[in-house]
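Report on one structure; see the data block that follows.
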There are 2 protein chains.
Amino acid sequence: MSQFGAIDKLAVSTIRLLAVDEVSKANSGHPGAPLGMAPAAHVVWSQMNMNPKNPDWINRDRFVLSNGHAVALLYAMLHLTGYDFSIEDLKQFRQLGSKTPGHPEFELPGVEVTTGPLGQGVTNAVGMAIAQKNLAATYNKPNFTLSDNFTYVFLGDGCLQEGISSEASSLAGHLELGNLICVYDDNKITIDGSTEVSFDEDVAKRYEAYGWEVLYVENGNEDLEGIAAAIAKAKLSTTKPTLIKMTTTIGYGSLHQGNHSVHGAPLKADDVKQLRKKFGFDSEKSFVVPQEVYDFYQAKIGTPGAAANKKWDQLFSQYQQKFPQEGAEFARRLRGELPANWDSALPVYTPKDSALATRKLSEMTLDKIFNELPEIIGGSADLTPSNLTRTQGAVDFQPPSSGLGDYSGRYIRYGIREHAMGAIMNGISAYGAHYLPYGGTFLNFVSYAAGAVRLSALSGHPVIWVATHDSIGVGEDGPTHQPIETLAHFRALPNIHVWRPADGNEVSAAYKVAIESKSTPSIIALSRQNLPQLEGSSIEKAAKGGYVLQDVANPDIILLATGSEVSLSVEAAKVLAAKGIKARVVSLPDFYNFDKQDEAYRLSVLPDGIPVLSVEVLTTSCWGKYAHQSFGLDRFGASGKAPEVFKFFGFTAEGVAERATKTIAFYKGKDVISPLRRAF
Amino acid sequence: MSQFGAIDKLAVSTIRLLAVDEVSKANSGHPGAPLGMAPAAHVVWSQMNMNPKNPDWINRDRFVLSNGHAVALLYAMLHLTGYDFSIEDLKQFRQLGSKTPGHPEFELPGVEVTTGPLGQGVTNAVGMAIAQKNLAATYNKPNFTLSDNFTYVFLGDGCLQEGISSEASSLAGHLELGNLICVYDDNKITIDGSTEVSFDEDVAKRYEAYGWEVLYVENGNEDLEGIAAAIAKAKLSTTKPTLIKMTTTIGYGSLHQGNHSVHGAPLKADDVKQLRKKFGFDSEKSFVVPQEVYDFYQAKIGTPGAAANKKWDQLFSQYQQKFPQEGAEFARRLRGELPANWDSALPVYTPKDSALATRKLSEMTLDKIFNELPEIIGGSADLTPSNLTRTQGAVDFQPPSSGLGDYSGRYIRYGIREHAMGAIMNGISAYGAHYLPYGGTFLNFVSYAAGAVRLSALSGHPVIWVATHDSIGVGEDGPTHQPIETLAHFRALPNIHVWRPADGNEVSAAYKVAIESKSTPSIIALSRQNLPQLEGSSIEKAAKGGYVLQDVANPDIILLATGSEVSLSVEAAKVLAAKGIKARVVSLPDFYNFDKQDEAYRLSVLPDGIPVLSVEVLTTSCWGKYAHQSFGLDRFGASGKAPEVFKFFGFTAEGVAERATKTIAFYKGKDVISPLRRAF
Ligand SMILES: [Ca+2]
Ligand SMILES: [Ca+2]
C-alpha cells in the first residue's frame, strides 16, 4: 500500500497553485519550475527534520533551492509548513519592501542561502555538508549525536551547466559527503528552449565520474512513491553524495507545459483557471489552502520538528554537563560569540622586527589563532605553499577512508577551484555554529570567484579570502598573475572589507576585524615580497581602516597608500624631507572601515587644505573619493624581477617624491577641499 | 619498425634541457611540466601543419598550452622549430622587456593565446575549433579545402579542475568538435601535492559523459609511439573532440621527479647536471641544441610547413578566381578589414522615434549589421529571449547531425556558461579571419566570466559582451540580479570599452566602436526598460566616449550621466531650469574612448569652474576622476517594480535636481578645478 494518499495529492496541488498565484499576483516571476517540482518539495519536506518555529536550530535539515528563480515554490513551502510567512506575505511577492523578494534571500526565516545566480546554491550546500561533517566529528560523542542533519538541494539544468557546480561536485565526491542529497529537475528545458541546443551531456555518468550515487525518478510530476524511495535510498548512501535525476515537465498542468515560455513569465489568466480546475480547486479563487493541508504539514513537520528540537535541547543540556569543555565551546559558538580575549593571541610588531612578506605575517597570525578558535576552517585553492594558509599541526578535512585526514580536520584542500571555494565558504558560514571559513588563492584569481564573493557581501557571510601575490610584486609570473583592477572591483562592492595591510600590525588588524565581523566578508590582499615593520602602525589604528602613520607639523602633502606602497611612501617622505617638503603618510588598509568612522576622525586624517596623493601600484580608478591626485598603474603589468618591474613603473621613493612635488605645485594657491567633503 | 629513432630521443632530451635551462637561467619558473610533456610536444609538433616563418597562416594547426606555466616548453619548441625566438631570447626568459615572459602572451609569434590562468586555454581552443568549423563550412568548396586545421591543447590537472573547462568541454562535446585534440598531462601532482588530496574523480568517464573520445597513453615520459598512435586515432574522431589521458611523471629525470617541489621552482644545480648527464648531454653546458635537432625540425616542420602554406596560397588564389565573391570576402577578412561603408547600416534615431529599451535597440542594430559582416558570430549564455541577441533569420551554429542548425550558422547556444562563453569568444577572435564574436548575458553575470574578460583585455581580443539588464531597472528579480559594482570593476580594467548607452544613437556608436576596434574588447551594458531617443545625441558624438548632450550658456552645474540616467538628467535639468538653475547635461557612455580624446576636447566637456555631479544608479566608486560629487547606489538594490525601486533610491528628476542644488551650494565661492586636471 502506498504511503501517499489523497491528502498528499491535495498538498501538492496546493503548493502548485500557491506558487502560480504568487507569480500571477505579482505579474512577475517563474511558475514553470514550481509546477514541475512541487511533488518533490512535498516529499522532501515531509520527511525533513526541521522546526519552523525555530529556523536556526543547528541540527535542522537544510534545504537549498539552487534554482532560486523557483522561489515561489519555496515561499509556498515556508508558509504551508509554519514558518513566519503569512498568506499576505505571499500576496506581496516581488513587491518593494515585502518579505517575499524575487529570489530567496538569506535573511529570511527558513531560507538557508541567497540563490538565483545559478550554481551557487548547490555549491553552498557542499559547504553546509562539510560543516555538518566537521561539527559531528568535533562534538558528537557516543550516545550524544548532536549533529546528523542532511542537506537537500533542488537544482536545474542551469546549475549543472555552470562550471562552479562541476568544481563543487567533484570535490563533494572526493570528500564522500553522504549527507548531501540533490534533486535535479531534469525538465529538458532552459530559457533558450530544449536542452538539446546546448546540453546533451550524460549528466548521470558525469556525476558517477565524480564519485556520486545517481538515482532516477522517471515521473517527477506525479510519482510521490518514486521520489520518496529515491530519498530513502539516498539517505543510506553514507559515503557518497547523491544526485536524484528526476524527470519532470516544466509548467506541469499549464496549457503550455513543457515549453520554455512557462519558465519566467506569469501564466495567462485562462491558463491559471484551467489549472485550478484540473487540480480540483475553484477556478476563480486564488491563494486557497485547505485546512487539512495545514494540518497535514503540522502533523508531518511542525509537531515532530518541535519535538525533535526539544529533544535535542535536552540532549545538549546533558551533553554540557557530561562534557563541560566541549559543551561550553559548542554553546559559545551557538551564541555566535568569540572566546573572551581571543584577540590577545594576535601578534604585535615593532619596527625592530624583521621585514617579512605580509603573506608570511598572515601565516604567523593564523598559526596563533587557529587553535584558539575551533570555528575556523581554512583552506586553499591548491596554493597552500604559496598562500601559506596551512597552520602548524593542522589536520586536513578529508574522509577518513582517504588516510589523509579526517572530518574533524579544519584544513580543506579545495583543489584549483576558486569559484567553488568562495561559494563553499558561504555555505559553511551559512551553516551556523559560528563557522569562520577562510580560503587562499592569488589575489588575481579571486576574480574567478566574483560570483560567490558578491553573494558573500549581499548575504553578509563573514568569510575571509587570504589573497596573496597582490601586485606586480609577483614579478616574473607576469601580467596574467599581476592584479590591477582587482581591489577596485571588490572595493566597489557594498559590504565587504578589502584589506591591503602594510605590515604585521596591519595584518593582525585585518584578521581581528574580519573575525569579529558578524556580517561582512573580508578580502585580505597580501604581498609576496618582504615589507618592513612600520613605525607608527598598531592594530588599533589599522582597525579603523585608515590612520595617520607618520606626521609632521603643517604638512605640504599627504601620501595616502596601502600595502607595499606604505613603506615606499615613508621612504618618499624622507626624500621629500631632504628637500624641505613636509609629507604626512597615511595608511588606508581598508576603505570599508575607514568609511565607517565618524566624519571628524576621517577629516583629521585627510583634512581640508592639504593635497592628497594616493600611491598604490594598482588601478587608480577607485581613489577619487579620497585623493586629489593618484599615482598608480592603469595598465597591465610586466614579467620581470619584482624590483625591476617596480622601478620600471616609477614606483621608487624618488618616483613617488617627484609626483608629490608636482602635486604640491599643482595645488599651490588653489582652494584644497578634502575629498571626503560631500555636498549631500 | 618504430617510426621513431635516436633523433627523436635526442630532440626530446634537447627540449627537456632547454626548458630546464631557461628556468635555471631565470632562477624562476616551472620545470616540472616541461620535463613530463616534452615527448608529447615533440610528437604533436612533429606532425602539425604550420609554417614557422608565417605564424599567421590561417590554415595552420593551432597549439594551445593551457597549462601556461609550462611556457619554457613552448619557448623551446618555438625556438627549435624555427619561429622567431633565438637562443638569446630563451636566455632572457622572464626578464623585463624580453620576448619570453613568464607566461605565454598572445602577441608573441607562434603563441596562439595568452595562458596561465588555468582553464582558459582549453576553452580558448574550443573557440578556435568553433571558428575553424565555421570557416570551413562558410568557404570550403569541392576541391577547395581552404580550412581543415586541427587545434591541439596541452592541459594539466588545474585546467580540468577549473569549472570553466567543464563548461567548455560539455559544449565542445555537444558541438561535435572533432577538430579538437587535448592532451591531458595526468601526472597526479598539483601544487598541494598528490591529486589524491582533492581530485580523484574519473576524468575519462567525465569526458565520455560530455561526448568526447577518450584515449590513453600509459607512459607519456617515453612512449613516443603510443603518443603518436593516440594522436593519429584522435584525428580520425571527426565528430567527437578527443581527450588523450597521458600519464607522465612531473619533473621526469630530476632527482625529485614525481614530487610537487619540481612544479614551480628551478631545479638545484646538481640536479640539472645529473639531468644533462642522464640525457647524454655535457653536464656543464647549458642551452645546447645539436645541429641535427634543428635539421630534424626543419625537415619535419619548417620545410613541409612552408610548402603547405605555399600550396594553400596557390589554392586560395585559384579560389578567388573561381569564387570571386567568397574569395574577395575571405581575402578581406584575412586583411582584417571591414567592408567599405559597413557602418552606413547602423541605425540613426531622432527624438521622434519611440522610446525603447537599449537591449531592444541593440537587437535592431545587430539585425542591421549581422548579414553585412559575415565575420560576426553571436550567441548568448541561455538568455536569448532576454538579451535579444539572435538576429532575424540567423542560423544556429550546430553540428549538422543535430538537425538544429549547421556549422555555417553564426548563432551559438552557449548554454548557462558565461565563463566559457567569454573564453570561447577569445578563442574565436584569436583564430583570425577577422572573427568578431559577441555574446549575451545579464550584466550582473558578466562577473562570472571575469577571468576571461581580463584576458580579452590583456590580449586585446576585440570581443563584445551584450550585457543586458544593467541596473535596478531589472526590477522584481531583485539584488541578486541588479548590478552595482559591475561597471566599476570593468572600467578599472585596462584596455576595455565599457559602454552604457543612453539611447539608440549611442547603441549604434557602441557597436561602431566595438566592431572597428582592432585590439580592445567591449562590454555594452543595456537596459531592460524603455529609454527615450535623446535630443542632442549622435553616433559621432557618442563615439568619442563622452560629449555635451544638452547645454546652456554659463551652466551652474554639469550633470554627468550614463545610460538610463541620461534621460533622467535631462528631466532633472528641466526641473532645475524651472528654478532658474542652469544645467549642462553630459553623456559619458564609454570612459575608455573619452579618456583617449585630447585634453582640449575633454576640458570642453568638463571645464574648470563648473561643479560636476555624476548620476549613475550604480556604485559611485569609479566616478572620482570625472566628477566632484556623485549620486549613485553604494548599496545593493531591492526587489520590486522598477519604477518603484528607482523612486525608492531617489532616482527621480526631483531627486537628481535636489542633489544638483546641494552640489552648487557646496561649491559656491570655492575654486572649482576640473576633475580632469592632472598634476602629472
Ligand atoms: Ca530546466
Ligand atoms: Ca598536474
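Which condition number in (1) facing chain B (nearest Cβ under 9 Å); (2) among the hydrophobic types (A, V, I, L, M, F, W, C); (3) within 24 Å of A:PRO589 (Cβ to Cβ); (4) touching a strand residue (DSSP E or B) at 6+ places or on another chain (Cβ under 6 Å) is the one that A:ALA510 fails?
Result: A:ALA510 fails condition (1) only.
Please go through the range A:51-69 and give me each residue that is small (Gly, Ala, Ser) and touching a Phe, Trp or Tyr at 6+ places or on another chain (Cβ under 7 Å), ordered by number. First the steps, then the outcome.
Start the filter on the range A:51-69 by keeping residues that are small (Gly, Ala, Ser), which leaves A:66, A:68.
Across the range A:51-69, the qualifying residue is only A:SER66.
Hey, could you check the range B:403-419 for residues that are free of Cβ contacts under 8 Å to residues at least 40 places away in the same chain and not in a loop (DSSP other than H, G, I, E, B) and say which is nearest to the other protein chains (Cβ to nearest Cβ)?
That would be B:ARG413.
Inside the range A:139-167, can you point out the residues that are among the small types (Gly, Ala, Ser) and either within 16 Å of ligand 2 (Cβ to nearest atom) or within 14 Å of another protein chain (Cβ to nearest Cβ) (or both)?
Let us first name the residues in the range A:139-167 that are among the small types (Gly, Ala, Ser), namely A:147, A:156, A:158, A:163, A:165-166.
Those that are among the small types (Gly, Ala, Ser) and either within 16 Å of ligand 2 (Cβ to nearest atom) or within 14 Å of another protein chain (Cβ to nearest Cβ) (or both): A:GLY156, A:GLY158, A:GLY163, A:SER165, A:SER166.
Of (1) free of Cβ contacts under 8 Å to residues at least 40 places away in the same chain; (2) closer than 30 Å to A:VAL395 by Cβ; (3) basic (Lys, Arg), A:LYS141 satisfies all except one. Which?
(1)
Considering each of B:GLU644, B:GLU616, B:GLU654 in turn, give the residue that is of a type outside the set (Gly, Ala, Ser), buried (at least 24 other Cβ atoms within 10 Å of the Cβ) and more than 20 Å from A:ARG677 (Cβ to Cβ).
Details: B:GLU644 fails: buried (at least 24 other Cβ atoms within 10 Å of the Cβ); B:GLU654 fails: buried (at least 24 other Cβ atoms within 10 Å of the Cβ).
The match here is B:GLU616.
Name the residue, out of B:ILE58, B:ILE7, B:ILE15, that is more than 29 Å from A:GLY475 (Cα to Cα), at pLDDT 95 or above and assigned to a helix (DSSP H, G or I). Before the answer, list the steps.
Working: B:ILE58 fails: assigned to a helix (DSSP H, G or I); B:ILE15 fails: more than 29 Å from A:GLY475 (Cα to Cα).
The match here is B:ILE7.
Matching residues to (1) within 14 Å of chain B (Cβ to nearest Cβ); (2) farther than 17 Å from A:MET48 by Cα; (3) in contact with a His (Cβ under 8 Å, 6 or more places away or on another chain); (4) within 16 Å of ligand 2 (Cβ to nearest atom):
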{"residue": "A:ALA232", "(1), (2), (3), (4)": "no, no, no, no"}
{"residue": "A:THR239", "(1), (2), (3), (4)": "yes, yes, no, no"}
{"residue": "A:ILE244", "(1), (2), (3), (4)": "no, no, no, no"}
{"residue": "A:THR247", "(1), (2), (3), (4)": "no, yes, no, no"}
{"residue": "A:SER254", "(1), (2), (3), (4)": "no, yes, no, no"}
{"residue": "A:ARG276", "(1), (2), (3), (4)": "no, yes, no, no"}
{"residue": "A:GLY280", "(1), (2), (3), (4)": "no, yes, no, no"}
{"residue": "A:GLU284", "(1), (2), (3), (4)": "no, yes, no, no"}
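Considering only residues that are within 14 Å of chain B (Cβ to nearest Cβ), more than 13 Å from the chain's Cα centre (by Cα) and surrounded by fewer than 24 Cβ atoms within 10 Å (Cβ to Cβ), which ones fall in the range A:90-138?
A:GLN92, A:GLN95, A:LEU96, A:GLY97, A:SER98, A:LYS99, A:GLU107, A:LEU108
Given the options B:THR350, B:THR365, name the one that is polar (S, T, N, Q), in contact (Cβ under 8 Å) with a residue 40 or more places away in the chain, buried (at least 17 other Cβ atoms within 10 Å of the Cβ) and in the same structural domain as B:SER517 (by TED's automatic domain parsing). Can you show your working first?
On the way: B:THR350 fails: buried (at least 17 other Cβ atoms within 10 Å of the Cβ).
Answer to the selection: B:THR365.
Search the range A:173-205 for residues being among the hydrophobic types (A, V, I, L, M, F, W, C) and away from ligand 1 (no atom under 16 Å from the Cβ), and hand back the single one that is farthest from the other protein chains (Cβ to nearest Cβ).
So the first thing to find is which residues in the range A:173-205 are among the hydrophobic types (A, V, I, L, M, F, W, C), and the list is A:175, A:177, A:180-183, A:189, A:191, A:197, A:199, A:203-204.
Applying the additional criterion that residues be away from ligand 1 (no atom under 16 Å from the Cβ) yields A:175, A:177, A:180-181.
Working: A:LEU175: 9, A:LEU177: 13, A:LEU180: 16, A:ILE181: 19 Å.
Among residues in the range A:173-205 that are among the hydrophobic types (A, V, I, L, M, F, W, C) and away from ligand 1 (no atom under 16 Å from the Cβ), the one farthest from the other protein chains (Cβ to nearest Cβ) is A:ILE181.
Taking the conditions exactly as written (touching a residue at least 12 places away in the same chain (Cβ under 8 Å), within 20 Å of A:LEU65 (Cβ to Cβ), more than 12 Å from ligand 1 (Cβ to nearest atom) and of a type in the set (Asp, Glu)), does A:GLU162 satisfy them or not? So that I can check it myself, show each step before the final result.
Working: touching a residue at least 12 places away in the same chain (Cβ under 8 Å): yes; within 20 Å of A:LEU65 (Cβ to Cβ): yes; more than 12 Å from ligand 1 (Cβ to nearest atom): yes; of a type in the set (Asp, Glu): yes.
So A:GLU162 fits the description; yes.
When you look at B:SER170, is it within 16 Å of ligand 1 (Cβ to nearest atom) and of a type in the set (Gly, Ala, Ser), yes or no?
Values: within 16 Å of ligand 1 (Cβ to nearest atom): yes; of a type in the set (Gly, Ala, Ser): yes.
The answer is yes for B:SER170.
Yes/no per residue for (1) within 14 Å of chain B (Cβ to nearest Cβ); (2) crowded, with 17+ Cβ neighbours inside 10 Å; (3) among the charged types (D, E, K, R):
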{"site": "A:PHE316", "(1), (2), (3)": "no, yes, no"}
{"site": "A:GLN320", "(1), (2), (3)": "no, no, no"}
{"site": "A:GLU337", "(1), (2), (3)": "no, no, yes"}
{"site": "A:ASN341", "(1), (2), (3)": "no, no, no"}
{"site": "A:SER344", "(1), (2), (3)": "no, no, no"}
{"site": "A:LEU356", "(1), (2), (3)": "no, yes, no"}
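I need the full set of residues from the range A:548-569 which are closer than 19 Å to A:TYR592 by Cα and surrounded by fewer than 23 Cβ atoms within 10 Å (Cβ to Cβ), in order please.
Answer for the range A:548-569, where residues must be closer than 19 Å to A:TYR592 by Cα and surrounded by fewer than 23 Cβ atoms within 10 Å (Cβ to Cβ): just A:VAL548.
Any residue at all in the range B:47-66 that is among the small types (Gly, Ala, Ser) and more than 16 Å from ligand 2 (Cβ to nearest atom)?
no
To keep it simple, each residue is scored yes or no on (1) polar (S, T, N, Q); (2) over 23 Å from B:HIS489 (Cβ atoms); (3) assigned to a loop (DSSP other than H, G, I, E, B); (4) modelled with pLDDT of 95 or more.
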residue: B:PRO351; (1), (2), (3), (4): no, yes, yes, yes
residue: B:SER362; (1), (2), (3), (4): yes, no, no, yes
residue: B:THR391; (1), (2), (3), (4): yes, yes, yes, yes
residue: B:MET421; (1), (2), (3), (4): no, no, no, yes
residue: B:ASN426; (1), (2), (3), (4): yes, no, no, yes
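Could you list, in sequence order, the residues of the range A:420-468 that are touching an Asp or Glu at 6+ places or on another chain (Cβ under 6 Å) and within 12 Å of another protein chain (Cβ to nearest Cβ)?
The answer is A:ALA420, A:THR441, A:PHE445, A:TYR448, A:ALA449.
Need a quick list: helices (runs of 4 or more DSSP H) entirely within the range B:567-674 having at least 2 residues that are at the interface with chain A (Cβ under 9 Å from one of its Cβ atoms) and touching a strand residue (DSSP E or B) at 6+ places or on another chain (Cβ under 8 Å).
On the way: elements: B:591-596, B:599-605, B:642-648, B:653-667.
Output list reads B:653-667.
Which condition number in (1) part of a loop (DSSP other than H, G, I, E, B); (2) surrounded by fewer than 21 Cβ atoms within 10 Å (Cβ to Cβ) is the one that B:SER28 fails?
Among (1) part of a loop (DSSP other than H, G, I, E, B); (2) surrounded by fewer than 21 Cβ atoms within 10 Å (Cβ to Cβ), the lone unmet condition for B:SER28 is (2).
For the range B:401-447, which residues satisfy the criterion of being buried (at least 24 other Cβ atoms within 10 Å of the Cβ), out of contact with any helix residue (DSSP H, G or I) (no Cβ under 7 Å at 6 or more places or on another chain) and more than 12 Å from B:ILE130 (Cα to Cα)?
B:TYR438, B:PHE442
The values are calculated or read from the model by the stated rules, or taken from the named source; none is laboratory data. Because the structure is a prediction, the values reported are computed rather than measured. Note: ideal-geometry Cβ built from the backbone for every residue, glycine included; neighbour counts use all protein chains shown.
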